[in-house]
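A short write-up of the structure that comes next.
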Amino acid sequence: MPNNSGKYWVTWANTHAKNSNKIDDLDPVFKASIKAFIKALNDAGATVDVSTTKRSDKRAYLFHWSWKISQSKCNPSDANKMVGVDIKWDYGDLAKSKAGALEMVIGFGLAVPPRSINPPSLSSNHIAGKAIDMTIRWAGVIKIKKKDGSEIPVAYTQNVNANSALHSIGKYYGVKKLKTDAPHWSYNGR
Ligand SMILES: [Zn+2]
């Protein structure tokens, strides 16, 4: 028997489909890149707080469809099935289906319009362990080493998305900035 959409699945996901904030859970190639980049940042005097590394594909599935159904971006019957997640999305009653999905959106704390106009992705680089969310802080100007050992002076900017000097150093390490998402870096910049 499937379990109805709603709060149950928030509790379920917090046990069975957790996100990781451990660098060791990342894809091996990206893990080596990010470790080297973070070491260069730390050596230069910056602090790095990692909030998310690998995201559970099951969690992404629950995020995606609860968001879309609750926000009327699809029909409840459009949600595909996922092995290992026996959830009932469609009650044959639109108001009930949307209410169950909305309980999940609230429980997961998902950003909805106008804060976010896009549903949580089913194909994020986080799912493959090839992205990281992190906050990098320092004061003034620091000299960050590139992979070849040469040092580049980088001034702190409030908006990390605008710090192209920092982005270019990350790129040398194989860590690319997504410029529309402040904490997000990945192997391909998406
Ligand atoms: Zn991210």
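Some observations on this one:
- Per the listing 136, 132, the residue uniquely within 16 Å of the ligand (Cβ to nearest atom), in a strand (DSSP E or B), open to solvent by less than 30 Å² (accessible area, probe 1.4 Å) and touching a His at 6+ places or on another chain (Cβ under 8 Å) is 132.
- Residues that are within 15 Å of the ligand (Cβ to nearest atom) and either open to solvent by 40 Å² or more (accessible area, probe 1.4 Å) or basic (Lys, Arg) (or both) within the stretch 58-87 comprise just one, 59.
- Scanning the stretch 137-156 for residues that are more than 28 Å from the chain's Cα centre (by Cα) and of a type outside the set (S, T, N, Q) yields 140, 141, 143, 148, 149, 151, 152, 153.
- Residue check for residue 39: open to solvent by 80 Å² or more (accessible area, probe 1.4 Å) and either in a helix (DSSP H, G or I) or among the acidic types (Asp, Glu) (or both): yes
- Residue that is in contact with a strand residue (DSSP E or B) (Cβ under 9 Å, 6 or more places away or on another chain), in a helix (DSSP H, G or I) and at pLDDT 95 or above, where the choices are 34, 69: 34
- Failed condition for residue 103, given (1) in contact with a helix residue (DSSP H, G or I) (Cβ under 9 Å, 6 or more places away or on another chain); (2) under 20 Å from residue 19 (Cα atoms); (3) part of a loop (DSSP other than H, G, I, E, B); (4) open to solvent by 50 Å² or more (accessible area, probe 1.4 Å): (3)
The values are calculated or read from the model by the stated rules, or taken from the named source; none is laboratory data. Since this is a predicted model, take the numbers as computed values, not measurements. Virtual Cβ from ideal backbone geometry, glycine too; neighbours counted across all protein chains shown. Note: areas computed on protein heavy atoms with side chains; ligands, DNA, RNA excluded. Shrake-Rupley method; radii C 1.70, N 1.55, O 1.52, S 1.80 Å.
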